[in-house]
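Each value in this text was obtained by applying a stated rule to the coordinates, not by laboratory testing. The structure presented is a predicted model; accordingly, all values stated were derived computationally and were not measured. For neighbour counting, all protein chains shown are included, and Cβ atoms are generated from backbone atoms with ideal geometry for every residue, glycine included.
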Amino acid sequence: MLEARLLSMLEAAKEEGLLRRVLAVEGRGRLIRVDGREVVNFASNDYLGLASDERVIKAMREAAIEEGASSTASRLICGDSAQLRSLEESLAALKHRPAALVFPSGYHANIAAITSLTRQGDFILSDQDNHASIIDACRLSRATTLIFRHNDAHHLDQLLSQTDSGSLRLVVTEGVFSTSGDICALEDIVAVVRRHNAVLMVDEAHSTGTLPPRGRGIEEFYNLVGCVDVGMGTLGKALGAHGGFICGSPALVNTLINYGRPGIYSTALPPPIAAAAAEAANLLLRNGETIVAKLQNNIKLLSAGLLERGLIKEEARTPIIPVEVGEERRTVAVREALFERGFLVAALRYPTVPRGAACLRISVSCLHTEQDLAELPIAIAKTLEETK
Ligand SMILES: Cc1ncc(COP(=O)(O)O)c(C=O)c1O
């Protein structure tokens, strides 16, 4: 019975052009081998190239020699380490906050924060385009979830007006959205949140390390440092390591230490990973302006080529650049043809994006050369023409 069900699920995904498979990947960085073929990688979240930075690797190696491979337990048992404590200090400094708490992944961090801070009778107001980890956290929470239109502060305002002002209202959005690359309309959202005396949580998975001036995230970008009550970030994207974190007041962190089940009941981040992430965070702290300027320059170059060929409608400002295709099967065919031309890009399909709104997602990195950035738009334009 199980086998029959599994086969019918896989068949249904295949019919809709939604079947996924694991690519056989070797290597990291600009050039990787996928299924035995060398391609330029436009699909990873390693925006700053820190995953293969020799300083980050050295920190990881030294911690592995000193402490071993695993944290061996959850944080509250004996999974803590000097590397984790020092990582949290660096993250708090990077985010201008008194405290930070690291989780085994960004997914864990979102689940921990949203489920610990809300209870029955509360409201979560979640942007329509929020990441799956936020959606899952809302489903796990006992609060009522209301979805506001993407980046629409006016709609958020309307929804907040319908909620009980005596309850806790947690507004959750992203700094840079993971599928569209849109930047959060933070000024408008903050104004509404303050007017309603609500609480603001921002997922900075893709805004940390990518936004000017220094890669410290959305608050510095808007010159609104301190406006976010619950900051969330990941360590496996621009910081080139692995893990997630929540930052904010000491009371917030202590609450998550005590009530955040994903942290309490999961093995802590291993010391070598924590050391790598701390080194990456320290590089950003010391030299963020220069590192981010290089990424932003690459974004400008690629964006100009895509605009010139009519592949995007407005200039990109973040390293996540979607190119609309629409139909799922055609999107996969375009991705495969681009692969044959030597480029790896992601094909986003339902449920990551709505049905019929499939797109190619290009991820820009500091490591891309001017030639890569000039050639990709040409290859996409040719491929789209050929697969019409
Ligand atoms: C916006 C956003 N939040 C959270 C996560 C989860 O982070 P992690 O990959 O560290 O679990 C991701 C990763 O895909 C993301 O894009």
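Site pair residue 154 and residue 197 shows an inter-label distance of 2.7 nm when each label is modelled 7 Å from Cα along Cα→Cβ.
Ignoring aspartates and glutamates fewer than eight residues from residue 58 along the same chain, the ones with Cα atoms less than 12 angstrom from its Cα are 279. Extending 7 Å from the Cα toward the beta-carbon at both residue 385 and residue 26 defines two label points whose distance is 3.5 nm. Charged side chains reduced to their Cβ positions (Lys and Arg at +1, Asp and Glu at -1) give the chain a dipole of some 320 debye around its Cα centre. Value of Rg to Rh for the chain, rounded to two decimals, is 0.97; Kirkwood radius and Rg both from alpha-carbon coordinates. Taking label positions 7 Å along the Cα-Cβ direction at both residue 5 and residue 72, the computed distance is 4.0 nm, reported to one decimal. Here the extension length gained between residue 378 and residue 340 equals 12.3 nm, from 0.36 nm per residue of separation less the Cα-Cα distance.
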